[in-house]
Amino acid sequence: MQQYSAAFTSEWLLQNEMRIFLRLEREGKSPVEIRAQVIEENLFRMKRQNTIIAALKVINRRLRFLDPVLRRMFLENQRHDRLAVLLYSFLKSYRLPREFVLEILRHHWLNHKNRLPAGEVVSFFEYKGEQSQIVADWSPETKKKLRQVMLRFLTECGLLQSQNDYWLITPVLLGAELRAFVDTEPKYNDFTALMLNA
């Protein structure tokens, strides 16, 4: 089973950067060649080389969960499909946000509750700290940063909308082609559940 990790404190959307990477991959370049070209030509338009290297590391981690079909759809389909694929790859990379979506957001949605009180996010982290010593050992500052990053990512991908004192839960739209593919491909049997579409 995947361990809990606080590594996603440095995660950000990287939608355009992933498109650049996948376009180069489509041209037949290897990951090593892509890395070299991205750094040499500063294709990500980032100020520091270590930021580019960190972005490449994140993209490579996410791509482990995407087969050639989803990679193609990310490049060719509408924006909502790109966001769905990005969100899926992020959630598959990290256990804690994935469990938050499945245990909290999905539970609310299936019980016809589309509002999540802000305090429930903090409560979720406390509950996970009771279940796991790894989570319990994280500092309050780390937990706060993880909550911020997770909520920002879920908001940018369309799963949550920030309101005054609560979060509005909204399923991520899936195009017909993407929905048909993930519904028939066994290894993506959790895709629609993570998007709150099942």
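If I ask for residues that are in a loop (DSSP other than H, G, I, E, B), touching a residue at least 60 places away in the same chain (Cβ under 8 Å) and either open to solvent by less than 30 Å² (accessible area, probe 1.4 Å) or touching a strand residue (DSSP E or B) at 6+ places or on another chain (Cβ under 8 Å) (or both), which ones from segment 159-189 would you list?
Passing the criteria: 159, 172, 175.
Report those helices (runs of 4 or more DSSP H) wholly inside segment 77-146 carrying at least 1 residues which are of a type in the set (Gly, Ala, Ser).
On the way: elements: 79-93, 95-99, 106-110, 119-131, 133-136.
It comes to 79-93, 119-131, 133-136.
Given the options 59, 39, name the one that is hydrophobic (A, V, I, L, M, F, W, C), without any contact (Cβ under 8 Å) to a residue 40 or more places away in the chain and either farther than 18 Å from residue 21 by Cα or in a helix (DSSP H, G or I) (or both). I'd like the intermediate steps shown before the answer.
Numbers: 59 fails: without any contact (Cβ under 8 Å) to a residue 40 or more places away in the chain.
Of the residues listed, the single one that is hydrophobic (A, V, I, L, M, F, W, C), without any contact (Cβ under 8 Å) to a residue 40 or more places away in the chain and either farther than 18 Å from residue 21 by Cα or in a helix (DSSP H, G or I) (or both) is 39.
Could you check, for segment 189-198, whether at least one of its residues is of a type in the set (Gly, Ala, Ser), under 17 Å from residue 92 (Cβ atoms) and at pLDDT 95 or above?
Applying the first criterion (of a type in the set (Gly, Ala, Ser)) to segment 189-198 yields 193, 198.
Next cut, under 17 Å from residue 92 (Cβ atoms) only: 193, 198.
Narrowing further to those that are at pLDDT 95 or above: 193.
The answer is yes; a qualifying residue exists.
Go through segment 63-83 and give me each residue that's closer than 14 Å to residue 16 by Cβ and in contact (Cβ under 8 Å) with a residue 12 or more places away in the chain.
Step one: list which residues in segment 63-83 are closer than 14 Å to residue 16 by Cβ, which gives 74-75, 79, 82-83.
Within segment 63-83, 74, 75, 82, 83 qualify.
Take residue 113 and tell me if it is without any contact (Cβ under 8 Å) to a residue 40 or more places away in the chain and open to solvent by 30 Å² or more (accessible area, probe 1.4 Å). Spell out how you get there, then give the answer.
Numbers: without any contact (Cβ under 8 Å) to a residue 40 or more places away in the chain: no; open to solvent by 30 Å² or more (accessible area, probe 1.4 Å): yes.
It is false that residue 113 is without any contact (Cβ under 8 Å) to a residue 40 or more places away in the chain and open to solvent by 30 Å² or more (accessible area, probe 1.4 Å).
I'd like to verify a number: residues in segment 14-50 that are under 19 Å from the mean Cα position of the chain (by Cα) and surrounded by fewer than 17 Cβ atoms within 10 Å (Cβ to Cβ), how many?
Residues flagged as under 19 Å from the mean Cα position of the chain (by Cα) and surrounded by fewer than 17 Cβ atoms within 10 Å (Cβ to Cβ) within segment 14-50 amount to 3.
The values are calculated or read from the model by the stated rules, or taken from the named source; none is laboratory data. Please read all numbers here as calculations on a predicted model, not as lab measurements. Don't worry about glycine lacking a Cβ; one is built from the backbone with ideal geometry, like all the others, and counts go over all protein chains shown. Keep in mind that these areas ignore ligands, DNA and RNA; they rest on the heavy atoms of the full protein, side chains included. Shrake-Rupley method; radii C 1.70, N 1.55, O 1.52, S 1.80 Å.
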